[in-house]
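In what follows, a structure is listed as structure tokens, so that the remarks can point back to it.
The values are calculated or read from the model by the stated rules, or taken from the named source; none is laboratory data. These numbers were taken from a predicted model, which means no experiment stands behind them. Note that we place each Cβ from the backbone using ideal geometry, even for glycine, and neighbour counts take in every protein chain shown. In case anyone asks, the SASA skips ligands and DNA or RNA and just uses the protein heavy atoms, side chains included. Shrake-Rupley method; radii C 1.70, N 1.55, O 1.52, S 1.80 Å.
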Amino acid sequence: QVRLTESGGGLVQGGGSLRLSCVGSEQAFSTYAVGWFRQAPGRDRDFVAAINWSGRSTEYANSVKGRFTISRDNAKNTVYLQINSLKPEDTAVYYCATRRTFAIPEVGEYSIWGQGTQVTVSS
């Protein structure tokens, strides 16, 4: 089964930027749609963004449109989440996930998850 590893989180001042990475452990990862989710303390895990296998189709939560950009480099088996104009309310653990499908699955259908990377935004 493919393993997902997130990185790129950290402590950043409000207004700053981060780029998160999600690396898949097998070459077939380049054929999977991938989603990013986040979970703030005491809250449910929320959908953030998703990208299909080719990168030609993307989806975003309304709350992050215009600030977050999802992209992928299939030669590197990596999906990225660029986060700009960070706000304290973006503080959360960010997870990537997949269902091993070409197309973006429904939010509740993701079945393989990474361990997450912490993003903390100071005001």
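Do you know which residues across the range 82-99 are β-branched (Val, Ile, Thr) and farther than 20 Å from residue 58 by Cα? Step through it out loud before you land on a result.
Taking the range 82-99 first, the residues β-branched (Val, Ile, Thr) are 83, 91, 93, 98.
Scanning the range 82-99 gives 91, 93.
Read through the list (1) over 15 Å from the mean Cα position of the chain (by Cα); (2) part of a loop (DSSP other than H, G, I, E, B); (3) at pLDDT 95 or above, then give the number of the only condition that residue 103 fails.
It fails just one condition, (3).
Go through the range 81-116 and give me each residue that's hydrophobic (A, V, I, L, M, F, W, C) and either closer than 26 Å to residue 14 by Cβ or loosely packed, with under 15 Cβ neighbours inside 10 Å (or both).
Of the residues in the range 81-116, the ones hydrophobic (A, V, I, L, M, F, W, C) are 81, 83, 86, 92-93, 96-97, 102-104, 107, 112-113.
Matches in the range 81-116: 81, 83, 86, 92, 93, 96, 102, 103.
Every residue in the range 64-82 that is assigned to a strand (DSSP E or B) and over 10 Å from the mean Cα position of the chain (by Cα), please.
If we filter the range 64-82 for residues that are assigned to a strand (DSSP E or B), which is where we start, we get 68-73, 78-82.
Across the range 64-82, the qualifying residues are 72, 73, 78.
Please go through the range 51-80 and give me each residue that is over 26 Å from residue 26 (Cβ atoms) and open to solvent by 50 Å² or more (accessible area, probe 1.4 Å), ordered by number.
60, 62, 63, 65, 66 - these are the residues of the range 51-80 that are over 26 Å from residue 26 (Cβ atoms) and open to solvent by 50 Å² or more (accessible area, probe 1.4 Å).
Pairs under 8 Å by beta carbon, first residue within 16 Å of residue 35 (Cα to Cα) in the range 80-98, partner polar (S, T, N, Q) and outside any strand (DSSP E or B), six or more apart or different chains?
From the range 80-98, the pairs are 82/17; 83/17; 95/115; 97/111; 98/111.
Mind checking which residues of the range 106-123 are farther than 23 Å from residue 29 by Cα and in a loop (DSSP other than H, G, I, E, B)?
Residue satisfying the conditions is 123 alone.
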